[in-house]
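These notes are about the structure you will find just below.
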Amino acid sequence: MLDVLGDTMRWLNWGQFFGPLSGHESKLEDEDRRQILTTFAYGTGLGPTQVAKSVSGVSDRQIAFVNQRHVTTEKLEAAICEVINGYNCFWLPKLWGDAKRAAADGTLWELYENNLLSEYHIRYGSWGGIAYYHVSDNYIALFSHFIPCGVWEAIYILDGLTKNKSDIEPDTLHGDTQAQSTPVFGLAYLLGIKLMPRIRNWKDLKCYKPSSDEAYNHISELFAKDNINWALISRHLPDMLQIALSVKAGRIAPSTILRKLGTASRKNKLYYAFRELGRVVRTCFLLEYVNSEELRRLIHSATNRCESFNKFAQWVYFASDLIQENVRDEQLKVIKYNHLIANLLIFHNCKSMTQALKELQDDGMVLTPEILRALSPYRQHPSRFGMYELRDSEVGPIDYDVQLELAKSEDKIELA
């Protein structure tokens, strides 16, 4: 795995985004090596102490220094963006999926119980936080976040696309049941994002008629008794558009406004406006979802790829069962380090697969799109534990007759 980090450093120079927080020129000796070892230490869970024991020429304090003084969450995101842009230059990922689609999903990362972020997750049955990833349909992860277990994941689903600065810019977003709510549908529509989640028990959801005059012969049971309140949407549309423009301009994060829209209070008029708009958008989506088997297959495939990345990211974090940091900012950095290494492995796998397929084609093998689409860059072939070799040396025989002289128990040694 260290070889993969070294190769990608020479190809992409992703370490260029790490540097002193003061903005001055770095004065580190052998800077690339220190950056690689720091990323490896925190992104795999090995930690600076164990890396210093396993790698000569570096101390745990040197590794911790780079993490504390040279690396921030923003710098890690810039390095991840560079890897995504490099990956997007390959030809092979264009066969694997549509870059205009992405999926969002979360997975539990265990934490110590006594810190501000850790919560008990009922479904997973342990303490921790949720690593929330946005994964492109062509397998590369675009954005990562670390959120508490108790929140509704839909609050953070739009952050990944609004904060994404890479060349891959999806406009269709998939997810699971927790990736949707009516206010989220409404805000996503105003942001130009088509939200198409895989909803558990979707048959229990109700569609809404545009007016009471509408009547449907065979699907009337799908619709609720209430109709869309178009007057409410029209009255608050300028305020909703202002929020959407603020999000587009980067003045406010979607998660910030969605937390405010999560309460059905009589004083919260914008909640009811976004909910009403969301009912319109979700009704159109549900009808399309019921009507199209191809759409259901596509959504199911996209969410499965996101779940596969979750497993791949935790495979990268092989040296520990939990995040050992208790500071919230450091916990997020660990997720970003791990995200960076996972993307570097995906990039390296794609490069190796492209080269191998080219050699097979030169040898006369016929490649078809069906063969290539069946491949995946989530290949777990790198050795995570290094290469161990047995020493071929002679050892002397064991002498079982060696005895030790013991002092009597009443003999006490006086300390000065």
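Step by step: first the residues of the range 327-383, then only those that are among the polar types (S, T, N, Q) and surrounded by fewer than 17 Cβ atoms within 10 Å (Cβ to Cβ), then the one that is nearest to Thr38 (Cα to Cα). Which residue is that? Before you say what the answer is, go through the steps one by one.
Of all residues in the range 327-383, those among the polar types (S, T, N, Q) come to 331, 338, 343, 349, 352, 354-355, 361, 368, 376, 380, 383.
Add one more test, that the residue is surrounded by fewer than 17 Cβ atoms within 10 Å (Cβ to Cβ), and what stays is 352, 354-355, 361, 368, 376, 380, 383.
On the way: Ser352: 25, Thr354: 29, Gln355: 29, Gln361: 39, Thr368: 41, Ser376: 28, Gln380: 21, Ser383: 18 Å.
Top of the filtered list is Ser383.
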**Q.** Enumeration of residues in the range 370-396 that are in contact with a helix residue (DSSP H, G or I) (Cβ under 9 Å, 6 or more places away or on another chain) and either farther than 27 Å from Asn310 by Cβ or among the basic types (Lys, Arg) (or both)
**A.** Arg373, Arg379, Arg384
Q) Is the range 207-225 home to any residue that is under 22 Å from Leu286 (Cβ atoms), in contact with a helix residue (DSSP H, G or I) (Cβ under 9 Å, 6 or more places away or on another chain), basic (Lys, Arg) and in a loop (DSSP other than H, G, I, E, B)? A) no
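Looking at this structure, is Trp202 open to solvent by 50 Å² or more (accessible area, probe 1.4 Å), among the hydrophobic types (A, V, I, L, M, F, W, C) and touching a Phe, Trp or Tyr at 6+ places or on another chain (Cβ under 8 Å)?
Values: open to solvent by 50 Å² or more (accessible area, probe 1.4 Å): yes; among the hydrophobic types (A, V, I, L, M, F, W, C): yes; touching a Phe, Trp or Tyr at 6+ places or on another chain (Cβ under 8 Å): yes.
Here the answer is yes, as Trp202 does meet what is asked.
Taking the condition of being outside any helix (DSSP H, G or I), within 28 Å of the chain's Cα centre (by Cα) and of a type in the set (Gly, Ala, Ser), how many residues in the range 24-60 meet it? Write out each step before concluding.
Residues of the range 24-60 outside any helix (DSSP H, G or I): 24-30, 44-46, 55-59.
From the residues that got through so far, the ones that are within 28 Å of the chain's Cα centre (by Cα) too are 44-46.
Okay, now just the ones that are also of a type in the set (Gly, Ala, Ser), so 45.
The number of residues fulfilling the criteria is 1.
In this structure, is His145 in a strand (DSSP E or B) and either in contact with a Leu (Cβ under 6 Å, 6 or more places away or on another chain) or modelled with pLDDT under 90 (or both)?
Working: in a strand (DSSP E or B): yes; either in contact with a Leu (Cβ under 6 Å, 6 or more places away or on another chain) or modelled with pLDDT under 90 (or both): no.
Against the criterion (in a strand (DSSP E or B) and either in contact with a Leu (Cβ under 6 Å, 6 or more places away or on another chain) or modelled with pLDDT under 90 (or both)), His145 does not qualify.
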**Q.** Of residues in the range 271-294 being among the polar types (S, T, N, Q) and in a helix (DSSP H, G or I), the one farthest from the chain's Cα centre (by Cα)
**A.** Asn291
Q. Is there any pair linking a residue in the range 139-157 that is hydrophobic (A, V, I, L, M, F, W, C) to one that is surrounded by fewer than 20 Cβ atoms within 10 Å (Cβ to Cβ) and in a strand (DSSP E or B), with Cβ under 6 Å and at least six apart or on different chains, and which?
A. Cys149/Glu119; Cys149/His121
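With respect to Lys203, is the statement that it is free of Cβ contacts under 8 Å to residues at least 24 places away in the same chain and out of contact with any Ser or Thr (no Cβ under 8 Å at 6 or more places or on another chain) true?
Values: free of Cβ contacts under 8 Å to residues at least 24 places away in the same chain: yes; out of contact with any Ser or Thr (no Cβ under 8 Å at 6 or more places or on another chain): yes.
Yes, satisfied.
The values are calculated or read from the model by the stated rules, or taken from the named source; none is laboratory data. Note that this is a predicted model, so its numbers are computed, not measured. No Cβ is skipped: glycine too gets one built from the backbone with ideal geometry, and neighbour counts run over all protein chains shown. Side chains are part of the model used for accessible areas, which takes the heavy atoms of the whole protein and leaves out ligands, DNA and RNA. Shrake-Rupley method; radii C 1.70, N 1.55, O 1.52, S 1.80 Å.
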